[in-house]
Amino acid sequence: MRVTGSVAIPLAEIALRTTRSSGPGGQHANVTDSRVEASFDVAASTALSDGQKARLLARLGPVVRAVAQDARSQTRNRELALERLRDKLVHGLHVQRHRTPTKPSRAAKKRRLDTKRKIGERKQNRRRPSGDE
């Protein structure tokens, strides 16, 4: 299963378990195991580097699970569970880009202060004139 451009996990490392579904299927749901749970053991994986394992362990825990019981068929639920597992792994492996702090430009500061001044003057003009004048 391709997770990112550089990470692919063999399906042999993903455990699929089927159970009875509480979802769609009517009477058919009482006799088939259409609910699928896909679980991936992060620590035991050979497809991930140590850094990737550490990132996943910190963000998602030692075992990543995804469950699907949306469809009537076990095959479709297996596809959905693997897709959800893949989405969790992509999210867990994502590295945040370092933000470089920036300063507002001189023109931006001037615009902000001009706007502030105009709003203050507008509010000043709304006040009732004082008796001094």
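Across segment 98-133, the qualifying residues are those that are more than 45 Å from the chain's Cα centre (by Cα) and outside any helix (DSSP H, G or I), and the one among them that is modelled with the lowest pLDDT is Glu133.
For segment 75-95, the condition of being aliphatic (A, V, I, L, M), surrounded by 10 or more Cβ atoms within 10 Å (Cβ to Cβ), assigned to a helix (DSSP H, G or I) and in contact with an Asp or Glu (Cβ under 8 Å, 6 or more places away or on another chain) holds for at least one residue. Report yes if some residue within segment 51-66 is farther than 25 Å from Thr4 by Cβ and free of Cβ contacts under 8 Å to residues at least 40 places away in the same chain; otherwise report no. No, every residue in segment 51-66 fails to be farther than 25 Å from Thr4 by Cβ and free of Cβ contacts under 8 Å to residues at least 40 places away in the same chain.
Is there a residue being surrounded by 11 or more Cβ atoms within 10 Å (Cβ to Cβ) and either hydrophobic (A, V, I, L, M, F, W, C) or at positive phi (or both) anywhere in segment 112-129? Checked against the condition, which is being surrounded by 11 or more Cβ atoms within 10 Å (Cβ to Cβ) and either hydrophobic (A, V, I, L, M, F, W, C) or at positive phi (or both), segment 112-129 yields no hits at all. Within segment 33-75, the set of residues being of a type in the set (Asp, Glu), closer than 18 Å to Thr19 by Cα and in contact with a strand residue (DSSP E or B) (Cβ under 9 Å, 6 or more places away or on another chain) comprises Asp33, Glu37.
Conditions tested, residue by residue: (1) under 16 Å from Leu11 (Cα atoms); (2) touching a Gly at 6+ places or on another chain (Cβ under 9 Å); (3) aromatic (Phe, Trp, Tyr).
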| position | (1), (2), (3) |
| --- | --- |
| Lys53 | no, no, no |
| Arg72 | no, yes, no |
| Ala81 | yes, no, no |
| Leu93 | no, no, no |
| Ala107 | no, no, no |
| Leu113 | no, no, no |
| Arg126 | no, no, no |
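Restricting attention to segment 31-45, which residues are outside any loop (DSSP other than H, G, I, E, B) and out of contact with any Ser or Thr (no Cβ under 8 Å at 6 or more places or on another chain)? Once the filter is applied, which keeps residues that are outside any loop (DSSP other than H, G, I, E, B) and out of contact with any Ser or Thr (no Cβ under 8 Å at 6 or more places or on another chain), segment 31-45 yields Ala38, Ser39, Phe40, Asp41.
Scanning segment 46-65 for residues that are surrounded by fewer than 17 Cβ atoms within 10 Å (Cβ to Cβ) and part of a loop (DSSP other than H, G, I, E, B) turns up Thr46, Ala47, Ser49, Gly61, Pro62.
The values are calculated or read from the model by the stated rules, or taken from the named source; none is laboratory data. Bear in mind the structure is a predicted one, so any value in this text is a computation, not a measurement. Please note: Cβ atoms are built from the backbone with ideal geometry, for glycine as well, and neighbour counts cover all protein chains shown.
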